[in-house]
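Working notes for the structure below.
Rule-based calculations on the coordinates, nothing more; no lab input. None of the values given here were measured: they were computed from a predicted structure. Glycine also receives a Cβ, built like all others from the backbone with ideal geometry; neighbour counts cover every protein chain displayed.
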Amino acid sequence: MKVPDTKENLEKCICMGCPTHNDCMKERMQGLFCSRGKSDCELDKQGCICGECPVKSEYMLAGMYFCVNGAEA
Ligand code: SF4
Ligand code: SF4
């Protein structure tokens, strides 16, 4: 299910607490990748905590690593 890019969803996003969320992503205030699409930062996969996020269950998202793979269609 497509995720709307809203303030409410951004506030629910837990990407900031994810080990993959690096300094570049923090400097650029990036998050809500399941809606906004992949990051333009260079990054190493260090785990993905989307599975614990309320946005994932609310919109029944199938994917993970949205910062690498892009938004849910
Ligand atoms: S599912 Fe992942 S990318 Fe989407 S809001 Fe939650 S933590 Fe962020
Ligand atoms: S999409 Fe997944 S891997 Fe990427 S920052 Fe968010 S929780 Fe971490």
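Assorted remarks:
Residue by residue, here is whether (1) within 11 Å of ligand 1 (Cβ to nearest atom); (2) of a type in the set (Gly, Ala, Ser); (3) under 12 Å from the mean Cα position of the chain (by Cα); (4) on the phi > 0 side of the Ramachandran plot holds:
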residue: Glu8; (1), (2), (3), (4): yes, no, no, no
residue: Met16; (1), (2), (3), (4): yes, no, yes, no
residue: Thr20; (1), (2), (3), (4): yes, no, yes, no
residue: Glu27; (1), (2), (3), (4): no, no, no, no
residue: Cys50; (1), (2), (3), (4): yes, no, yes, no
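- In the stretch 43-56, the residues that are among the acidic types (Asp, Glu) reach residues that are surrounded by 15 or more Cβ atoms within 10 Å (Cβ to Cβ) and not in a helix (DSSP H, G or I) with C-beta atoms within less than 8 angstrom, at least six apart or across chains, in these pairs: Asp44/Thr20; Asp44/Asn22; Glu52/Ile14.
- Of the residues making up the stretch 1-30, just one is of a type in the set (Ser, Thr, Tyr) and more than 12 Å from ligand 2 (Cβ to nearest atom), namely Thr6.
- In the stretch 33-48, residue nearest to the chain's Cα centre (by Cα) [restricted to those that are near ligand 1 (Cβ under 9 Å from one of its atoms) and closer than 12 Å to Lys2 by Cα]: Phe33
- Condition met for Ala62 (under 15 Å from Pro4 (Cα atoms) and aliphatic (A, V, I, L, M)): no
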